[in-house]
Every structure is written in structure tokens, then in C-alpha cells.
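The values are calculated or read from the model by the stated rules, or taken from the named source; none is laboratory data. Given the structure is predicted, the values throughout are model-derived calculations rather than measurements. Glycine also receives a Cβ, built like all others from the backbone with ideal geometry; neighbour counts cover every protein chain displayed. Heavy atoms of the whole protein, side chains included, go into the accessibility calculation; ligands, DNA and RNA do not. Shrake-Rupley method; radii C 1.70, N 1.55, O 1.52, S 1.80 Å.
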Amino acid sequence: MDETRRTEKATAVAAWEALFRAQVTVMRALNADFPADEISFNEYDVCFNLSTQPGRRCRMRELTGHLLLTQPSVSRLVERLAARGIVEKQPDPADARGVIVALTAHGFDVYRSVAVQHAQTIADQVGAGLDDTELRTLTELCTKLRTAAGSSGPRRRAARTAVAPEAAAV
């Protein structure tokens with residue numbers, strides 16, 4: 001591996017480390033300040049994702065793809081929300097095996113009241129060290145990164161018989 005490629009790799013790893021550490025720190029603060037009287041942080045995430053969908057509804061499989069939870073965990077979470085009238089499950093008219101999850105009017109009201117408080121915490125945490133220009137740049141960079149990562153899919157590497165020395169240097 002040439003020096004340029006090694007430097008690019010080290011720079012990418014350092015950027016990932018900084019992004020990951022910032023995300024963990026901010027998420028911990030958001031979790032600590034989350035107004036969890038009516039819904040939990042994960043339940044809020046379900047409601048948020050449903051609120052962004054047309055008709056505030058989507059297939060369970062699609063919802064699971066938006067969350068950082070396993071399919072069984074999402075199913076249990078949706079069951080708990082349905083039992084409280086925050087979401088409802090409906091059969092998918094296009095696929096009898098599929099389930100549509102819809103945010104109810106009550107669920108949207110709960111989501112909206114929590115979102116107002118949560119948005120202030122986000123503004124306080126994320127805006128604490130960045131000015132408006134930097135926040136816009138961060139948004140652009142994260143969108144660009146997410147788009148690039150989503151379009152490339154998992155990379156397959158050729159099997160190696162031995163670990164290259166530069167791989168251990170990272």
C-alpha cells in the first residue's frame with residue numbers, strides 16, 4: 001500500500017472515530033434529557049419515522065429499516081405502542097403477509113408534544129459548539145456521507161492468505 005493510500009485510510013479512520021465519539025456523546029446527553037413521561041426514546045424514534053411517511057404510515061419492514069433495532073425488537077415496540085393507542089397495525093392490502101404501521105391521531109399528538117421538548121434539547125446539544133454555518137455544513141456532510149454509504153452497499157474484499165502489515169497499523 002502506498003503512502004498516499006495509507007494516509008487517506010488513516011484520515012478516514014480518524015474522521016469516523018471523531019464522528020462516532022461525537023454521536024455517542026450527543027446521544028447520551030439526549031437520552032439523559034429525554035422527556036420520557038409518555039413515550040421512551042425508542043418509541044419516539046418509531047413515531048418520528050412514521051410522522052415523516054406519507055399518511056404517517058409504512059410497512060413494518062420499511063420501518064425496521066429506519067431504526068437501529070432488530071426486527072423482533074421493533075415488533076415488540078410496535079405491539080407496546082399499539083396497546084397504548086399510539087400506533088395501529090393494519091394488514092397490507094398489497095401483500096397479505098405484510099403489516100402496515102400507522103401513527104394514530106392520539107399518537108401524533110403525543111409525538112408532537114414530546115418533539116417540541118426534544119427539539120430544544122437537540123438544539124442545545126448540537127448547537128452548543130457549532131454556529132449556524134457549521135451546522136449547515138455538518139448537515140451537508142452527513143447527508144453526503146449517508147448517501148455515499150447507502151449507494152455503495154457492503155464491500156466485498158478478496159480473501160487474503162495473510163494480513164498485510166499496513167492493516168495492523170490502523
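Here are the numbers:
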| quantity | calculated |
| --- | --- |
| Residue within region 1-9 that is open to solvent by 80 Å² or more (accessible area, probe 1.4 Å) and in contact with a Phe, Trp or Tyr (Cβ under 7 Å, 6 or more places away or on another chain) present | no |
| Residues satisfying the stated conditions in region 96-117, i.e. open to solvent by less than 40 Å² (accessible area, probe 1.4 Å) and part of a strand (DSSP E or B) | 98, 100, 101, 102, 103 |
| Unique residue being closer than 26 Å to residue 23 by Cβ and modelled with pLDDT under 95 when the list is 96, 128 | 128 |
| Condition met for residue 63 (modelled with pLDDT of 95 or more, in a helix (DSSP H, G or I), under 21 Å from residue 110 (Cβ atoms) and touching an Asp or Glu at 6+ places or on another chain (Cβ under 8 Å)) | no |
| First in region 60-84 and closer than 19 Å to residue 37 by Cα, second anywhere and part of a helix (DSSP H, G or I) and open to solvent by 90 Å² or more (accessible area, probe 1.4 Å), Cβ under 9 Å, 6 or more apart | 84/106 |
| Every residue from region 23-45 that is among the small types (Gly, Ala, Ser) and open to solvent by 50 Å² or more (accessible area, probe 1.4 Å) | 32, 36 |
| Residues of region 68-95 classified as touching a Lys or Arg at 6+ places or on another chain (Cβ under 6 Å) and either assigned to a loop (DSSP other than H, G, I, E, B) or open to solvent by 80 Å² or more (accessible area, probe 1.4 Å) (or both), total | 0 |
| Close pairs from region 1-20: first in contact (Cβ under 8 Å) with a residue 24 or more places away in the chain, partner in a loop (DSSP other than H, G, I, E, B) and open to solvent by less than 90 Å² (accessible area, probe 1.4 Å), Cβ under 7 Å, at least 6 apart | 1/164 |
